[in-house]
1. Please enumerate, by chain and number, the lysines with C-alpha under 21 Å from the C-alpha of K52, excluding those fewer than 8 residues away in the same chain.
2. Rounding to the nearest 10 and keeping the result within 0 to 90°, find how far the Cα-based axis of helix 50-59 lies from the longest principal axis of the chain.
3. Return the FRET efficiency for the residue pair S49, K8: r is the Cβ-Cβ distance, R0 is 25 Å, and the value is rounded to the nearest 0.05.
4. Hey, what D do you get for the stretch 63-106 in µm²/s if you plug the Kirkwood alpha-carbon radius into Stokes-Einstein at 10 °C and 1.306 mPa s?
5. Net charge within 13 Å of G21 by Cβ-Cβ distance, Lys/Arg positive one each and Asp/Glu negative one each, not counting G21 itself?
6. Placing +1 at every Lys and Arg Cβ and -1 at every Asp and Glu Cβ, with all other atoms neutral, what dipole size does the chain have around its Cα centre, in debye to the nearest 20?
7. Kirkwood Rh, the chain, all Cα pairs: how many Å?
8. Pick from G51, G72, G21: which residue has the top mean-square fluctuation in a GNM of the chain where Cα pairs under 10 Å get a spring?
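We did not get these values from a lab; they are worked out from the coordinates using the rules stated. Computed from a predicted structure; not experimentally measured. Cβ placement follows ideal geometry from the backbone for every residue including glycine, while neighbour counts extend to all protein chains displayed.
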Amino acid sequence: MKLAIALKGNNLTEKLDDRFGRSKYFCIYDLDSKTTSFIKNKYAAEKDSVGKHVVDLLIDQNIEMIVACEYGRKVRTILEKKKIQMVMVQDVSLTGEEIIKKIQEN
């Protein structure tokens, strides 16, 4: 299963970004192969439909779970329809590495 984590930078020591649609990077982590890659959010500076564009970007990566602080109403509706699990993390001090470890433990 692949998951995406909204991060402030492009390495696992970066902290969780508190803005899903405006997150600078997404860590793509494959729980099965334990591989990590990063994609830059090319829609972060857009004015309209940012959340929808970001969801499409992540769907292209075959994501089944997304970790972020919060999701807008429109994004939640799209993710529910696509059956993509949303994990909300309120602690923005967590790094990508710490989030992956917590998910693996569950």
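1. Once the sequence-local lysines are set aside, what remains near K52 is K2, K8, K24, K40, K42, K74, K81, K82, K83.
2. With both axes taken from Cα atoms, the answer is about 50 degrees.
3. Here the calculated transfer efficiency is 0.65.
4. 140
5. Taking every Cβ under 13 Å from that of G21, the sum is +3.
6. Using only the charged Cβ atoms, the result is roughly 380 debye.
7. Across the chain, the inverse of the average 1/r is 13.4 Å.
8. G72
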